[in-house]
Amino acid sequence: MRFTKMQGLGNDYIYINGHEERLEGVDLPQLARVLSDRQFGIGGDGIILILPSGQADFAMRMFNADGSEGKMCGNGMRCLAKYVYEHGLTAKTEFVVETGAGPIRPELTVEGGRVVSVTVDMGRPRLARRDIPMLGTPEDAPVIDEPLQVDGEVVHVTCVSMGNPHCVLFVEDVQAAPVRTLGPRIEHHEAFPARVNVEFVRVVAPDLLEMRVWERGSGETLACGTGASASVVAAALNGLAGRSCTVKLLGGDLHVEWREDDHVFKTGPAVEVFSGEVDLKALSV
């Protein structure tokens, strides 16, 4: 099976072109676990499948490093958009991708035949508690600056779904934030039946945020596009920042704008790292 390793701000995934590769009978969760292993596999935050779609230009499925399936990935979507254009699967610079979170519309900036940046319409943020999902009442109300008890400690959280669940905490110092200790405790908190991604955010200025992220199923990663989108929405909901911000992540910067039509647009880079082949029989998948 051929693959291509790609990354967006260090959020790295292993891409498999389902238009060419046979996926029937492949244990996809196990494939994700094996290939994502950074010591014994290729290494990555998961795998992303580029598939035909009956209702859009392409379909995307993603599996996290632990084998769990996610609905969408913002950084992964930018890389997918670069892949399909530069590998000749489309000549369009705007198209629609079917995802578990609904249709996503990337727009490419192309220079000299190469994709230099991608703007993705992430859709509308979902704010109702039931849509996160998060247990509690009222189910149709947003979760904004709400106290959450975590093993005897109380933290204040704002929750946003960008097709996948996010729990945003505002901190004074991102570098000192307990991402690797508090992050997994919140990810697996009983309030989140589908688990949750956790963002630790410092508001530097009304148009500038710093963020670290504990991703559901992958641990701390260098970037998370849906997390950056959720963080801007959460900052605006709390009156801490405007609706258009640069978000500084460990892997680099993203620009996120929550526009007046309620759609969130995210712009950033995508990079192809290398391609190769794996022997599925040798991997026992």
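A short reminder: the numbers here are calculations on the coordinates, not readings from a lab. A quick note: this is a predicted structure, and the numbers were derived from the prediction, not measured. Cβ: placed from backbone, ideal geometry, glycine included. Neighbour counts: every protein chain shown.
Annotations
- Residue-averaged [θ]222 nm for the chain, counting only DSSP H segments that reach four residues, each worth -39500 (n - 2.57): -5000 deg cm²/dmol
- Listed residues Pro147, Val110, Asn164: farthest to the positive end of the dipole of the chain (Cβ charges): Val110
- Of all DSSP beta bridges in the range 129-262, antiparallel share, percent nearest 5: 75
- Couplings 3J(HN,Hα) of the range 70-85, computed from phi: x, 8, 6, 8, x, 5, x, 5, 4, 5, 4, 4, 5, 4, 5, 6 Hz, in residue order, whole Hz [Karplus 6.51 cos²θ - 1.76 cosθ + 1.60, θ = phi - 60°; x for Gly and Pro].
- Rounded to the nearest 20 debye, the dipole size of the range 15-124 about its Cα centre is 180 debye, using +1 on the Cβ of Lys and Arg and -1 on the Cβ of Asp and Glu.
- Most to least packed among 140-151, 220-231, 26-37 [average Cβ atoms within 10 Å]: 220-231, 26-37, 140-151
- Given charges at beta-carbon only (K, R positive; D, E negative), |dipole| of the chain in Debye: 300
- Gain in span if fully extended, Leu280 to Asp151, counting 0.36 nm per residue against the direct Cα distance: 42.2 nm
- Computed label-point distance, nm, for sites Ala205 and Val26 using a 7 Å Cα→Cβ extension: 4.5
- Distance between the pseudo-spin-label points of Leu135 and Asp173 (7 Å out from Cα toward the beta carbon): 3.4 nm.
- The range 148-218 - charge dipole about Cα centre, Lys and Arg +1 at Cβ, Asp and Glu -1, debye rounded to 20: 200
- Global geometry of the range 129-262, whether rounded, prolate or oblate, following the gyration tensor of its Cα atoms and the 1.5 cut on a/c: oblate
- Loop GluC sites (Glu not before Pro), the range 249-283, which have at most 11 other Cβ atoms in a 10 Å radius of their Cβ (DSSP): Glu260
- Each of Tyr15, Tyr83 was scored by other Cβ atoms within 10 Å of its Cβ. Arranged with the fewest first, they read Tyr83, Tyr15.
- Rounded to whole Hz, the Karplus (6.51, -1.76, 1.60) HN-Hα couplings of the range 209-224, x for glycine and proline: 10, 10, 9, 10, 9, 9, 8, 4, x, 10, x, 5, 10, 6, 6, 8
- If you count Lys pairs in the chain whose Cα atoms are under 27 Å apart, skipping same-chain pairs closer than 8 places in sequence, the total is 15.
- Calculated Cα extents along the principal axes in Å (choose from (1) 48, 40, 34; (2) 73, 53, 32; (3) 51, 45, 35), label: (1)
- Ranking of Arg126, Arg212, Arg2 by neighbouring Cβ atoms within 10 Å, starting from the fewest: Arg2, Arg126, Arg212.
- Estimated vicinal HN-Hα couplings, Hz - the range 267-283 in sequence order (Karplus 6.51, -1.76, 1.60; Gly, Pro = x): 10, x, x, 8, 9, 8, 9, 6, 10, x, 9, 10, 9, 5, 5, 5, 8
- Sorting the segments 200-206, 117-123 by their mean number of nearby beta carbons within 10 angstrom, highest to lowest, gives 117-123, 200-206.
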